[in-house]
Amino acid sequence: MSAHLTSHLALPAGAPRFSRTDGAFVAATVALAALAFVLDTGQQSMLVEFFYFVALAQLWNILAGYGGFMSLGQQAYLGSGGYVLFALAIFFKMPPLASVVLAGLFAAGMACIVAFAVFRLAGPYLAIGTWVIAEVFRLAFSQASALGAGSGISIPLDAVRSLDLGWMSRDMLLYLIALLLAVAVNYGAYRMLRSKYGLALCAIRDNESAASTMGIHQRNLKFAVYVVISAAYGMLGAFIFLTKLRISPASAFDINWTGYIIFIVVIGGIGTLEGPIIGCIVYFLMRQYLADTGSTYLILLGLIGIVVMRFYPRGIWGELAARHGIAFLPTRWHLPAAANPGARPAREGERRAADVAGNP
């Protein structure tokens, strides 16, 4: 049955190898990379933070919005990735950029272990269970005296100096790396969701019983997605705290990491690739202009989240896509007319209304 399903999940014949969406990714990457040479240090730092929040939000969106895995504990891998980078830099004098990759591998290994416990849970128990595991990580690293225990530790000066390439400043290098990480996550999500694995993941989210009947190995696919996303969180965590130059258990395993990410995804539109990007723009604009209001800023974030969930449950982008039939990152394939010669060709408006994720 599984082999039969896989054979029917192949891409349509004649599907373009390089679509307009692929070209848009390339053009956007080149344009944003060029900005590194005209922005000042403060603007670069702000965009670095924007890029890694976009990546974190997109990863959580894949996990929860497409996979139906409502995790509140991904900060466990973000924080542990940061600590791995600091440990490798302090004890083994390893270059920071190489440590970022190893941090991802460490997070993947930890996710393999954690998955055996959390995959036995469901619903609210899953959400609470993942959060509890993140707290266990925080308490464990709080006892690591070699890494500063509860007070934290700073990265060695030699590691910071190694990021200054002479012909390129450290700030510019971090900007370009953050951009590449954000593009890699979003483009990887786009390609995955347009593959048979993305189709299977959405099928599991929509109806687990029906997905099992179709021969989809739910446990294997969920496990693979969870481990890969956790590895990406580990790499991003290492990069984030490389930019901050200091790490502590309170900052690394803060539940606010997940809280802000959920806000971004819900506001933008959970279950859409464009949603986390739109939500991140909204979040950063609000933070830029309302952060000086103190606690009022957090109250406003909460109120906006409540209003959006109450009146626009599909989020900003979800509502726009549903009403106007637009999709910048289409994830579904449309079969060519020759595949069903007896059917009446759908009008353009009908196609977009029925499926906002049209052919690229």
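Some notes on this structure:
- Of all residue pairs spaced 6 or more apart or on separate chains, those with beta-carbon atoms under 8 Å, a first member in region 271-295 that is closer than 17 Å to residue 64 by Cβ and a second member that is part of a loop (DSSP other than H, G, I, E, B) and hydroxyl-bearing (Ser, Thr, Tyr) are 273/331.
- Qualifying helices (runs of 4 or more DSSP H) (wholly inside region 240-333; at least 3 residues being more than 17 Å from the chain's Cα centre (by Cα)): 249-252, 274-290, 295-311, 315-324
- Qualifying position, being aromatic (Phe, Trp, Tyr), within 15 Å of the chain's Cα centre (by Cα), under 24 Å from residue 159 (Cα atoms) and crowded, with 18+ Cβ neighbours inside 10 Å, among 66, 77: 77
- Residue within region 118-127 that is under 21 Å from residue 248 (Cα atoms), over 18 Å from the mean Cα position of the chain (by Cα), exposed (fewer than 15 other Cβ atoms within 10 Å of the Cβ) and not acidic (Asp, Glu) present: no
- The set of residues in region 173-217 that are touching a Ser or Thr at 6+ places or on another chain (Cβ under 6 Å) and either among the acidic types (Asp, Glu) or assigned to a helix (DSSP H, G or I) (or both) comprises 174, 183, 193.
- Here residue 148 fulfils each of the conditions (1) in contact with a helix residue (DSSP H, G or I) (Cβ under 6 Å, 6 or more places away or on another chain); (2) crowded, with 19+ Cβ neighbours inside 10 Å apart from (1).
- Number of positions in region 133-168 that are under 22 Å from residue 95 (Cβ atoms) and free of Cβ contacts under 8 Å to residues at least 60 places away in the same chain: 8
Results for (1) of a type in the set (A, V, I, L, M, F, W, C); (2) at pLDDT below 85; (3) under 26 Å from residue 275 (Cβ atoms), shown as yes or no for each residue.
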| site | (1), (2), (3) |
| --- | --- |
| 112 | yes, no, no |
| 136 | yes, no, no |
| 164 | no, yes, no |
| 170 | no, no, no |
| 186 | no, no, yes |
| 204 | yes, yes, yes |
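The values are calculated or read from the model by the stated rules, or taken from the named source; none is laboratory data. None of the values given here were measured: they were computed from a predicted structure. All Cβ positions, glycine included, derive from the backbone under ideal geometry; neighbour counts span all protein chains shown.
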